[in-house]
Amino acid sequence: LYLKQMKDFIRRNKCEQGSRFDLLCPLSVCFVSEQPPHRTFDYVLVAHKVDDDNNQKAQRQQAFIQQLEKKNITVTRIVHDDKVFFGLRAPSKMFEDYQYLLKVSDSCNWCGDVRGAVTQCIIIQAKYSLYFNLFPYSQRKQQKELKKKWARWSALFTGQPFNDVKCYFGEKVALYYLWLSWYTKLLVPAAGLGVVVFLYGLAFFNTNPLIKEVCNSSIIMCPRCDNRCPVWQLSDSCFYAKLSHLFDNEGTVAFAMFMAIWATLFLELWKRHRARHVSQWKVYDWCEEEEELILKIVNDPNCTTKHFIHSYVRSTVVLILVTLMLMLIIGLTQALVVFRVVAGPLISEGSWAFIRDHANTVAMMLGAVLHYVTIQIMTRVNRWVSLKLCDIEKINSFAATERSFTVKMFTFQFFTLFSSLFYVAFFLGRINGHPGNYVRIARWRLEECHPSGCLTDLFIQMAVIMLLKQTLNNIFEFTVPWLKRCLRRNAAKKLERKCGYCYRKACHDEQGRIEPCDICKLRDWLRNYHLADTDAFSLFNEFLEMVVQFSFTTIFVAAFPLAPLLALINNIFEIRLDAIKMVGLERRLVPRKTNDIGVWTKVLEAIGVLAVIANGLVIGVSSDFIPRLVYRYRYGPCLVQTSDINCMQGYINDTLSTALISHSAVQKDFSIIQMKTEDGFNVTQCSYRDYRSDEDYTLTSQFWLVLAVRFAFVILFEHVVVVCKFIAAWFVPNNPMQVKNHRLTDKLARLKEELRETKRSRSTDV
């Protein structure tokens, strides 16, 4: 079959020599008999019509078609308007060779019948290895069945027909939906516990003593910015303190530990779930590299292998370029930080009182929106760079190239998405300095944390990015193909109901198969040609979107316990949206065999490890859990009096330090106008969040104790959770015993059958 060489030939003719061929979707059929009831085409080439036969473009196209015919591929030519359609039908002998080689290599352990019977979907894989795609007229029944019971909104909460999806789209697409369905099901307990943690914080929304201390405080806080920002009262941030407590309470610690263990259990249970299905589909021992070799042999029996080559020079160049790309992405993150630093003071000088009073929060939200725009732009840049880096590497096989591209693309996307979040989580408010010695970018002061903590800033950043990314991406993914179909389907409608000839007796050949007329062929080719295009990145984009969502759900879940709930709601609609889009709005993906989701499993495992580290740091460094713990047992009033008193009384005041206006360095940072209250009263001192001495602004012993306990907690948290992850991974085996026993039985049966065939052939020879 004209496989990879055909693709290279098409690319050369398209890019270098200028001949243009467009591609349609592949055959939508899963063969269950030796001969299909309808005669179908495997792929269709679409070229622009050229009237001049002496034109070089027309000559190159004709030469290409002749090469296909030399391969015994039947070519049917139909002209329509300014397009020429070439229907390709490959001989069955190629598929028999392909099937036999699969059996010999054991890359597919169910190809037992090599005597000409075409079994389910194996033959399809050989045909799909071309690049010309088609929805044949005679096979639209299977597409309609999928639309009826799967690709419709009314089936939103019904199960998924994975076997039908596998026959129609191939194992690779079926495993995507299998993984997405399993991920969505396991999000239910995570979302439920996240809601419980949120409700726990909500239950003490008005009665928590720390919130009361903020709301009833008369403490004067230092100006939030230079120039026009005046001093303000801590009680003005009462609502912000309540909001902070929703996501920074004792329940988030237990929830973060649960989510770290949940990520491990999810992956281990997924491996078991996958093993059951790939065993049923008889592709457990399938090998992608072996199949690539088989396809080469079917195309050219005299082909040679492409040897593995490793170049330290190329690897060094790729490593340097990856480093430069990551530095660029981190530089964009710094640009977003500068934007918030500049936007905060400018907004605080505005005319709207509400926006002026919440300048830092508004600047944070604007930064999150700008971050989302940056993500959309950098996604395209990251893809282009990843492809170029793969070209530089010159990897041996398509499978290895796909793995390399996936790792590079996800790494770039991860830094693009999470660099800003890492800054908010671990650097915001910790490098800004103090009155009299503020850290500045040019003349602008760095941002400060709210007196109630920095976790709310991280929550706002995550909520805006996650909601915008999921909502807008889903809208564009569905509406763009739908609009394209609406605008383009008129041409195919003109050919509707023009032919009643194709089911007459005269259309049947000697084997009883039906050969549709040119009108019917063209109608179906046009119907599919006008759908949204698909390529090798179509399924990759779906996986990337879901794995990024998995990262949001696990890495910073301590700051956003509602993330699993949002992911669950999104995935319920995502499954059906992708089904409708793939079945009815896009050209059919080229089906490909596989027995796993590939390198994505390794990526998910890496995310699970990173989730443990990140959540430990968020709780230990970003939240106020450790300072509250230290105050309760080391500095709180319960050390002296153990009854009839709240142990956290005075905590807010304990976390604040005082800046004296009489200090010369403080006078340089704050003007006289800034040190006046709204009533015109001049203040002589103001408070800020830190553990510093009021006399010389040095760090107090309490700061160092809190810092030591923070690091101790992070180490303890990570070790405990990692041990729990290892125990969970050991306790849940990857393969069910049922699958292992089935494989042993199947291998024994195949070996016996092979021995019988060998004896039979020997007796025939004699």
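The values are calculated or read from the model by the stated rules, or taken from the named source; none is laboratory data. Keep in mind that this is a model prediction, so the values were computed, not measured. Please note: Cβ atoms are built from the backbone with ideal geometry, for glycine as well, and neighbour counts cover all protein chains shown. The accessibility values were calculated without ligands, DNA or RNA, using every heavy atom of the protein model including side chains. Shrake-Rupley method; radii C 1.70, N 1.55, O 1.52, S 1.80 Å.
When peptides 749-760, 727-738 are ranked by their average number of other Cβ atoms within 10 Å per residue, the highest-first order is 727-738, 749-760. Quick one: check the C-alpha center-to-center distance for region 687-766 versus region 547-580, whole angstrom. After rounding, the separation between the Cα centres reads 21 Å. Averaged over residues, the count of other Cβ atoms within 10 Å places the peptides 255-267, 309-321, 470-482 in the sequence 255-267, 470-482, 309-321, highest first. If only the Cβ of Lys and Arg carry +1 and only the Cβ of Asp and Glu carry -1, the dipole of region 216-292 around its Cα centre is close to 580 debye. Averaged over its residues, region 672-724 has an accessible area of 64 Å² per residue, based on protein heavy atoms and a 1.4 Å probe. Remark: C-alpha extents of region 637-724 on the principal axes read 57, 35, 24 Å, sorted largest to smallest. What pairs in Lys70/Lys172; Lys484/Lys581; Lys271/Lys740; Lys166/Lys469; Lys242/Lys469; Lys296/Lys394 have C-alpha atoms more than 23 Å from each other? Among Lys70/Lys172; Lys484/Lys581; Lys271/Lys740; Lys166/Lys469; Lys242/Lys469; Lys296/Lys394, the Cα-Cα distance tops 23 Å for Lys70/Lys172; Lys166/Lys469; Lys242/Lys469.
Considered as an equivalent ellipsoid built on the Cα gyration tensor, region 667-766 has semi-axes of 81, 19, 12 Å, the largest given first. Do the alpha carbons of any pairs in Lys71/Lys408; Lys93/Lys593; Lys185/Lys282 sit beyond 27 Å of each other, and which pairs? Where the Cα-Cα span goes over 27 Å, the pairs concerned are Lys71/Lys408. Taking a sphere under 14 Å around the Cβ of Val385 and counting the other residues whose Cβ falls inside, with K and R at +1 and D and E at -1, yields a net charge of +2. Counted residue by residue at 0.36 nm each, then reduced by the alpha carbon distance between them, the extension gain from Val196 to His719 reaches 185.7 nm.
Each of the peptides 596-606, 668-678 was scored by the mean count of other Cβ atoms within 10 Å over its residues; in descending order, highest first, they stand as 596-606, 668-678. Measuring only protein heavy atoms, the 1.4 Å probe finds His742 accessible over about 80 Å².
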